[in-house]
1. Pop a pseudo-label 7 angstrom from the Cα along the beta-carbon direction at both Asp751 and Thr91 and give the gap in nm to one decimal.
2. Determine the relative contact order of the chain: mean sequence separation of Cα pairs under 8 Å and six or more apart, normalised by residue count, in whole percent.
3. Once Lys and Arg get +1 and Asp and Glu get -1 on their Cβ, which of Asn176, Gly78, Gly302 lies farthest toward the positive end of the dipole of the chain?
4. Please arrange Met788, Met149 by counting, for each residue, the other beta carbons lying within 10 Å of its beta carbon, fewest first.
5. Pairs Lys238/Lys312; Lys66/Lys155; Lys792/Lys884; Lys539/Lys719; Lys63/Lys258; Lys312/Lys334: which exceed 23 Å Cα-Cα?
6. Which angle from 0 to 90°, rounded to the nearest 10, does the C-alpha axis of helix 17-30 make with the longest principal axis of the chain?
7. Could you give the size of the charge dipole of the chain about its Cα centre, using +1 on the Cβ of each K and R and -1 on the Cβ of each D and E, expressed in debye and rounded to the nearest 20?
8. Amide H of Val883 versus every other amide H placed in the peptide plane: which residues, excluding those fewer than 5 positions away on the same chain, fall under 5 Å?
Amino acid sequence: MAPEIAQVLAETLCTDNNRRVAAELKLAKLSEYPEVGLALAQLIVTQGADVPLRQSASIVLRKYVKERWSPYFQTFRGSAPPVEVKSQIRTAVFQGLSDSNRKIRTSSAHTLSAISECDWPDEYPDLLQNLVHLLSSGSPDAIHGAMQMFTDFVKSELTEDQLLPILRQLLPILLNILGDYEHHSPLTRARTIAVFRQCVESLYMVKDAHPEPVKEAASTVLPVWLEAFRVLLSMDPKKDIENVGNWDGLAIRIQMVKTLDIILTAFPRTLVSYLPDFLTSCLAQLHVLFPTFHQFYVLGTGTVPLSSEDEKIDLPQLASSTLDFISTVVRGGKARDWFTDANVNELVGNVFRWTEMTADEEAEWASDANAFVAQESEESTSYSVRVASCDLLDMLVDRLSNRVLSAVQSNLGLVISQSSEANRANSEDWWRPLEAAFAAFGAISQTALEILDDEKTAGKPLSLDLTQLLVNVVPGILTQSQYSFMQGRAFVLASQFSSALPDSVAGQYIDAVISVLEAKDVSIPVKVSSIRAVQGFCKNCAETEVVPRAPRICKSIESFIPITASDTLTLVLDALSTLLLVQRGTWLTVELAEALVPSVLNVWAKGAQDPHLMAITSSLLTRLASVPTPGVYNAVVRQALPPLCVALASSGGEGQDKWIAGAALEQLCGLLQGAPAEGGVGDGFVSQLGPVLFGKIKDIADRDAIQYAITALTLLVRKDTEQILAWQDGAGKTGLDHILELIAWQLQSSDESGSLFIGDLIIHLIRRAGEAIVRILPELLGAMVRRMSSVKTATFVQSLVIPFAYLIHAGHRDTVLNLLHQMVVPTPSGTQKSGLDILLQTWTENAETFQGFWASRISTLALMDLFVASFSANGEWLRNVAVKGELVVRAETRNVIMTRSRTKQMPTEFTSVPFPVKAVKLVLSELQSDGEPASLSYGGVGLKDVQDDRDIESDDGEDDWSDDDAPARAEPSGTLSTGEMAYVKEMLGGQDVPHEVFAALSGGPGIATGVPSLGGFDDDTDYEGDDEDLMRDPIVQVDMQAHIVSFIRDAASSNSPEFAAVIGQLKPEEVQVVRKVVGA
């Protein structure tokens, strides 16, 4: 068959279309015969055949493997060859790895890789050893082919257990190949490093399971490779890019830097002594290679050469990897002594240079606003040299604050001077270094401003002269309209540091931004940058400068909403949202509100399937509705409610309609969230919404939509219960009747996800409409207990339990206990239990998972109430209820990871304890931290008591480091450090946080009193998403720690024998807490 196959393949290469198609059809027919695969493999290694024919055979064989080799492949079409034929094919293809022609070796490696994916190790057990032998052959061609195959094989097929046994044999072979530059190409040598990196990762994966062998391997193998890396990286990088036909040598550098990053993470102790040399080489590498990067990528004046194997060697990849490696070093606190003033200064200078945008980026961003916005976003997932540079500078200033800022000041001044000189010399590219420096500097604006504040407080000289930059340099750039990226970057930089501007200068900047926003002939980068600058000025400038200009800014931003999409639209809406936070939007007029709401709703109507966009528009409606200016709320409702009701009424279950209900209800929640806390939601609100909402809700299948509907009703109950109670539909059913029907419907539903917020609705109904629901409360509580017996999710459990906890603590304890004691509930197992048994068992089993400040508090307080009741009249009802206690640890399961199969063979068991015992355990957990008894001050454990990563001894024995000359800051007792405060602020979205919250987080007065003092909060602080009603509940003000201490002491003194019996069933550490409390 071989001659026939060769003839058909030759025809497939024919230029005549008809002959080529006929040959391809014949070849497809022949592939049904097992012999064709062997004929193709033999043709590949036939030295006398034409190379194009052999290449064609290799391509067809790879297709044959995917379609005919085995059912393992999804593209399998049947007619698999016999086992003996497969063996012959594998032998022939393996022979092709040693072929004298590079392209044949490469195609053979690809084909063998596909075969190994299916056959190894069961049907091809000797492959791995054969590859190792081929690597040891000394033949450059064989080694080249084997390395191509081995690189993919190690990455995709080998597990740690399969790779580790051959490491001792493999790694010396690879190291010899790496060092033999006379016989092996740079790409082959680079592949040895890629395989070595995979070996290091494998060692790291089994480090915990086999600590001693891995430690021994790391200490003997890694130093040899690190020494080789030190020699190779110290060589002049120019040799890899100048006077050579390709940049293959850069591939070795890329693989080395990537491997160093892995070793630094996995085995830092081994690497630490080499770090100074590696850092020096990396810095030199960045410096030497930048001119080439500037020519080929920034200016785009040259063509990047392909490798010797016609692949792309990416210089930006080497730069990114190098910058990432240095970032990893800084983050880990390594090589402290290397970061001298001189090295830091040069490093910052290189960061500025490598931040320059490339010609490709410039072209894309100039024409695509969304791409430009995306790369500037903090949430951006795109990666580039520019991003890596900014990340490194951010890490440097975080760890070496003052030293880095001094270097930034020095390099910034140099760049400004050089750019000015280039501009005067009429260089068209004068702006590029300056824009890059501004971009990198702006990326560290928040940290830089905090450091400057610290220096000012400490009375030290400032590391940066922002006045010179923002008053004397940046304003002149704002007029350079022909250089749009530079002009836009100047606006953004000024906004990032606007908190340091004098008010008068800030006002001038804002006026300049408004002028750009209102202009019609401005480029995309400048428009986008101006919108971004609006956010910075609104956040950082004095309200006296922003408020008078806010209406004009608002009109300008609103005009962009209809003409933007995707990331740019998100930026516009975020800017509008930030503007509405200025002075709580009191500058907003009724006319402006009436113009804004339709624009926002238009976004909602077009983007109903975009969850991120829906969240933004809902938040905007909240902020618009919460503006306190008289008439604005009514205007927002008048504009928004009718179209939302129409959309909800017309929503269906097919096509786009299925998204409309959830999207409309989400916007409705936003509208209600912004409604006044007092005074109701406005006349006619419920009469307009009620018929649509109650008529549609049971037809909604979407879980999110159901949750939004329940949330909307909860907000209505919280903000205007009277209107709900007063409204009736055409059949005479009130709004309350409809809500109760909804609750009953959700309690009967098997889908718990839609009912996760039903507990909040029930809580607020009881709190707000207690008298109105008294008649049906027993029936409602009974339905909740019955549903509790089959509940599966912890969140739904909380929704069902917390209403009982609230009623018990609110003074209805005995009524609830009597009701539940008499209630008989069938369980899924076919037995019957009292309602009290089900409630207490469900409650105590899940109490520690309850989420939310108020919910966890009310649960603990109610448990204490029930404990007290257990020693009063009818207390035996509670004492006789057995609940889940402690986990039973058996000898055969100790220190054993319990998989599913083991759990089936040895099911998890728990002790059984009386309810009062479990209640005390749960209450005591409030006085414990990390399983250890709390101190007698009952102040809890704050951030300062928790040992974080910086306090743990590092793997290499070095401590974390920061700038030696940072100003000393004396932190008051019970407060967070400035760094911790900055971290918390960052986690909370960059918004300022009241000092009481910081005190609470640090174990200061906030914790000692059980909760931050709400009375100290600024009334203007925006706490979106908080349930204000519950946060105003008196229990929020309870000193929880003191209350628990008092409870334990009272129980010990009032019921000494009974209490002693309970204490006797606690764990030793729990008994220790009780003794400390009682004896204190």
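1. 6.1 nm
2. Details: 1337 pairs, mean separation 57.9, N = 1080.
Averaging sequence separation for qualifying contacts and normalising by length gives 5 percent for the chain.
3. Gly78
4. On the way: Met788 22, Met149 25.
So the residues, fewest neighbours to most, are Met788, Met149.
5. Values: Lys238/Lys312 18 Å; Lys66/Lys155 20 Å; Lys792/Lys884 17 Å; Lys539/Lys719 30 Å; Lys63/Lys258 33 Å; Lys312/Lys334 33 Å.
In this structure, Lys539/Lys719; Lys63/Lys258; Lys312/Lys334 exceed 23 Å between Cα atoms.
6. That works out to roughly 70 degrees.
7. Numbers: 86 positive and 137 negative charges, 445 e Å.
Roughly 2140 debye, rounded to the nearest 20.
8. For Val883, whose amide H was placed from the backbone, the distant partners under 5 Å are Val913, Phe915.
No value in this document is a laboratory result; all are computed from the given coordinates. Note that this is a predicted model, so its numbers are computed, not measured. When we count neighbours, we look across all protein chains shown, and the Cβ atoms used for this are built from the backbone with ideal geometry, even at glycine.
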